[in-house]
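Working notes, beginning with the structure itself.
The values are calculated or read from the model by the stated rules, or taken from the named source; none is laboratory data. Model, not experiment: these values are computed from the prediction. When we count neighbours, we look across all protein chains shown, and the Cβ atoms used for this are built from the backbone with ideal geometry, even at glycine.
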Ligand code: AMP
């Protein structure tokens with residue numbers, strides 16, 4: 001299964017992708033996470049990307065296409081992948097299609113997570129991530145449950161992303177409207193877009209995504 005999760009910042013792409021990985025037996029590939037890892041390691045890419053990310057802007061298309069080419073060549077992505085946060089521009093979408101075509105592959109579908117603005121803002125304000133395992137939580141709607149520990153057996157070490165502050169969030173939403181929203185039309189015209197109402201609880205959204213995929217003949221591998 002080769003899917004793109006498309007949606008505004010805060011629409012739940014990462015959270016849903018993390019929940020879908022096990023069901024579909026394919027990895028979440030989050031370009032935001034890959035960039036944050038590069039920042040944490042202090043690599044040349046990370047040092048260059050940090051200022052761009054902190055300003056809520058987009059990292060250059062050719063850089064992102066290089067990152068994706070390398071990541072999709074890893075063995076765990078051979079059965080497929082759930083792209084989260086990529087593509088974000090038409091040039092990235094064209095580049096991705098070209099990379100896949102070179103391998104004789106194509107995307108199966110693009111899942112659009114449609115969320116009202118007030119819900120987006122609430123989700124980003126309450127979002128917290130675990131510094132060690134990368135899992136995403138929400139202080140109100142999805143806190144770590146008692147006994148839900150990190151991979152190393154310790155409690156999750158939650159932090160708020162620096163770009164989830166009010167001013168950067170506003171900038172990221174503007175960048176989404178200008179650069180990424182055109183992808184909705186782009187994939188709609190190719191007949192690849194699945195609209196999902198992503199307001200609601202995690203389980204409701206999960207169920208709507210799976211229903212949309214089933215309708216399109218993309219059932220989880222576990223169901224054959
Ligand atoms: P995310 O975790 O998807 O919200 O991404 C966090 C930040 O990383 C974005 O605001 C961008 O600065 C950068 N970023 C992530 N993915 C991309 C991409 N596909 N193209 C350009 N910049 C990206």
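Data for the structure
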quantity	calculated
Single residue of the stretch 37-57 satisfying the filter (surrounded by 19 or more Cβ atoms within 10 Å (Cβ to Cβ) and touching a residue at least 60 places away in the same chain (Cβ under 8 Å)) that is farthest from the ligand (Cβ to nearest atom)	56
Residue check for residue 134: on the phi > 0 side of the Ramachandran plot and at pLDDT below 95	yes
Count of residues meeting criterion [within 14 Å of the ligand (Cβ to nearest atom) and either modelled with pLDDT under 95 or on the phi > 0 side of the Ramachandran plot (or both)] in the stretch 86-131	5
Positions within the stretch 187-204 being under 18 Å from the mean Cα position of the chain (by Cα) and farther than 20 Å from residue 121 by Cβ, in sequence order	187, 192, 193, 194, 195, 203
Unmet criterion (only one of (1) surrounded by 14 or more Cβ atoms within 10 Å (Cβ to Cβ); (2) under 30 Å from residue 139 (Cβ atoms); (3) without any contact (Cβ under 8 Å) to a residue 24 or more places away in the chain) for residue 63	(2)
Top-ranked residue in the stretch 89-110 [being in contact with a strand residue (DSSP E or B) (Cβ under 8 Å, 6 or more places away or on another chain) and under 25 Å from residue 197 (Cβ atoms); ranked as surrounded by the fewest Cβ atoms within 10 Å (Cβ to Cβ)]	108
Boolean, residue 173 is closer than 27 Å to residue 211 by Cβ, within 16 Å of the ligand (Cβ to nearest atom) and in contact (Cβ under 8 Å) with a residue 12 or more places away in the chain	no
